[in-house]
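Asks: Have a look at the structure that comes next, please.
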Amino acid sequence: MYAAMADMAALTEDKAYLEAMDKLWHDIIDTKLYIIGGIGASGGHEGFGGHYELPNLRAYNETCAAIANVFWNYRLFLTHGDAKYIDVLERSLYNNVLSGLSLDGNEFFYSNRLESRGHEVRSEWFGTSCCPSNVSRFIPDVPGYIYAQNETDIYVNLFISSATDFSVGGQPVMVEQTSQLPWSGKVDFKVRPEKATDFSLRIRIPGWAGERPVPSDLYAFDRPLKAQTEIRVNGEKVPYQTEKGYAVIQRKWSPDDRVQVNFPFEVRVITAHPDIKENQEKFALQAGPMVYCIEGFDIPNGQTNHIKVDKSQNFELFYEKDLLRGVLTIHGEAGFLSENSSGTIENTPITFKAVPYFAWANRGGSEMEVWLPYTENAATP
């Protein structure tokens, strides 16, 4: 319904629709969006909860709703030309939408929790089969979200290897993208106008490559980046201005011009708004566009809900080609908390690795946590 309202707003330029869209969007992004880009906290009425009502263990986050969130935010981007909508789209796409589909492509999640006691497994089908059919029609549409254009500009929204033909000012232009995302921040473009053509290439600077995980104060990065996005044209570093979240490179493009983008790719520690009660004194991990979780398979005792993790430590990234079809993992240290017979809390040092959220539950049932306690007060011995 929101997507259709956004279409009506764009087609009719009706200010009432536009104002309604902006109010609805802010209400969700400011108070009701999960860190995985999911929406709809409650399964009872298949809808939103109240402000900051974002439970983890009983989260609903229907796969269909995540797909609808992509539909809606893309239409809002087309209306306003602002990268913040693509930031939300990307978060939902790479995390909640992909979680709804197994790595084999034949099992599905209807809802997508942020915490599990090991009972959740994907199903081959559902009596109400909206999620499998929605996924199967959505995945082939993903190429259509990578780029956009108007009369004078080409927008790069998603960083997915691809080749696309445009017509800018009546001139044919081909853009070829080679991306190492989501496991590295390096992206190369070949810009190939049929003849020298003047236009702007607008490259989105993602929120995860800056200082805002989402375009509100609902979540925040715990520490600043060590580096900034670097852009080179034909090997030479170029300064750039940002407009509505896009780095604007305006020039007369020649055949075989090359653009190299190097996004800062670091482990990001994310904290939640204090009014999200379940996430107080907890944090989440992200690298690039991917949110991470800890599964029981990847800690010594399999019980993820009894650990405490120091969020100030230096987490390490490793690419594991034989794990979950090849994923980048985050490694760190934690303490396993247990209460002994005298009532004293014992903290046993352990190591862990976190896997991308979308890939969880592909090794069978297991405990799982996205939000990790960093104090004993928030942990469960």
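Asks: Would you mind getting me the FRET efficiency between Ser184 and Thr375? Use the beta-carbon distance for r and R0 = 41 Å, nearest 0.05. Can you show the working numbers first?
Replies: Details: r = 33 Å, r/R0 = 0.81.
Between Ser184 and Thr375 the formula returns 0.80.
Asks: As a test of the formula, what do you get for the chain when each DSSP H run with n ≥ 4 contributes -39,500 (n - 2.57) and the sum is divided by the residue count, at 222 nm and rounded to the nearest 500 deg cm²/dmol? Don't skip to the answer; put the middle values down first.
Replies: Values: 5 runs with 64 residues, N = 381.
Roughly -5500 deg cm²/dmol at 222 nm, from the helical runs in the chain.
Asks: Continuing with this model, one more query. Go through the range 1-65 and name the trypsin sites (Lys or Arg not before Pro) that are in a DSSP coil and have 16 or fewer other Cβ atoms within 10 Å of their Cβ. Each step should come with its number before you reach the end.
Replies: Details: sites: Lys15, Lys23, Lys32, Arg58; in loops: Lys32, Arg58.
Passing sites in the range 1-65 are Arg58.
Asks: I've got another one for you. At 1.4 Å probe size, with every protein chain present, just tell me what the per residue accessible area of the chain comes to in Å². Intermediate values should be presented prior to the final figure.
Replies: Values: 16500 Å² over 381 residues.
For the chain, the solvent-accessible area averages 43 Å² per residue.
Asks: For the range 220-318, with only Lys/Arg (+1) and Asp/Glu (-1) charged at the beta-carbon, what is the dipole magnitude about the Cα centre, in debye rounded to 20?
Replies: Values: 13 positive and 14 negative charges, 74 e Å.
Result for the range 220-318 is approximately 360 debye, rounded to the nearest 20.
Asks: Can I ask one more? Just to be sure I understand the rule: take each whole DSSP H helix in the chain, project its Cα atoms onto its long axis, keep it if the span is 20 Å or more and its mean Kyte-Doolittle hydropathy is at least 0.5. Which ones pass?
Replies: On the way: long enough: 15-31 (24 Å, -0.34); 63-80 (26 Å, 0.64).
In the chain, the long hydrophobic H runs are 63-80.
Asks: Would you mind computing, in nm to one decimal, how far apart the modelled labels at Arg58 and Lys195 are, each placed 7 Å from Cα along Cα→Cβ?
Replies: 6.8 nm
Asks: Okay, next question. Below 12 angstrom from the Cβ of Glu115, what's the summed charge of the other residues (Lys, Arg +1; Asp, Glu -1)?
Replies: Numbers: positive: Arg58, Arg113, Arg117, Lys282; negative: Glu120, Glu278, Glu295, Glu367, Glu369.
Spelling it out: positives minus negatives among the neighbours equals -1.
Asks: Given labels modelled 7 Å from the Cα in the Cβ direction, how far is it in nm from Thr12 to Asp222?
Replies: Label at Thr12, label at Asp222, 4.8 nm between them.
Asks: In nanometres, what is the gap between the two model label sites at Ser167 and Phe318, each 7 Å from Cα along Cα-to-Cβ?
Replies: Those two pseudo-labels are separated by 5.3 nm.
Asks: Starting from the range 181-221, pick out the trypsin sites (Lys or Arg not before Pro) whose DSSP state is loop and whose Cβ has at most 14 other Cβ atoms within 10 Å. Don't skip to the answer; put the middle values down first.
Replies: On the way: sites: Lys186, Lys190, Lys195, Arg202, Arg204; in loops: Lys195.
Of the trypsin sites (Lys or Arg not before Pro), the ones in loops of the range 181-221 whose Cβ has at most 14 other Cβ atoms within 10 Å are Lys195.
Asks: Over the chain, what percent of the accessible surface lies on carbon and sulfur atoms, probe 1.4 Å?
Replies: On the way: 7980 of 16500 Å².
About 48 percent, which is the carbon plus sulfur part of the accessible surface.
Asks: Here's a follow-up. How high is the FRET efficiency between Gln303 and Thr344 when r is their beta carbon distance and R₀ equals 22 Å, given to the nearest 0.05?
Replies: On the way: r = 19 Å, r/R0 = 0.86.
Calculated value: 0.70.
Asks: Further, regarding this structure: Rg and Dmax of the range 85-235 over Cα atoms: what are they, in angstrom?
Replies: 18.9, 59
Asks: If R0 is 51 Å, what FRET efficiency do you get for Glu151 and Asp310 from their C-beta distance, rounded to 0.05?
Replies: Working: r = 52 Å, r/R0 = 1.02.
Given R0 = 51 Å and the Cβ-Cβ separation, E is 0.45.
Asks: Multiplying the sequence separation of His119 and Lys237 by 0.36 nm and subtracting their Cα-Cα distance, what value in nm do you get? Walk me through the numbers before you get to the answer.
Replies: Working: separation 118, 0.36 × 118 = 42.48 nm, distance 5.10 nm.
Contour length minus Cα-Cα distance gives 37.4 nm.
Asks: For the range 40-55, just list the computed ³J(HN,Hα) in residue order, Karplus coefficients 6.51, -1.76 and 1.60, θ = phi - 60°, integers in Hz, with x standing in for Gly and Pro.
Replies: So the J values, rounded to whole Hz, are x, 6, 10, x, x, 10, 6, x, 6, x, x, 4, 6, 8, 9, x.
The values are calculated or read from the model by the stated rules, or taken from the named source; none is laboratory data. Just so we're clear, the structure is a prediction, and the values are computed from it rather than from any experiment. Please note: Cβ atoms are built from the backbone with ideal geometry, for glycine as well, and neighbour counts cover all protein chains shown. These area figures cover heavy atoms from the full protein model, side chains too; ligands, DNA and RNA do not enter into them. Shrake-Rupley method; radii C 1.70, N 1.55, O 1.52, S 1.80 Å.
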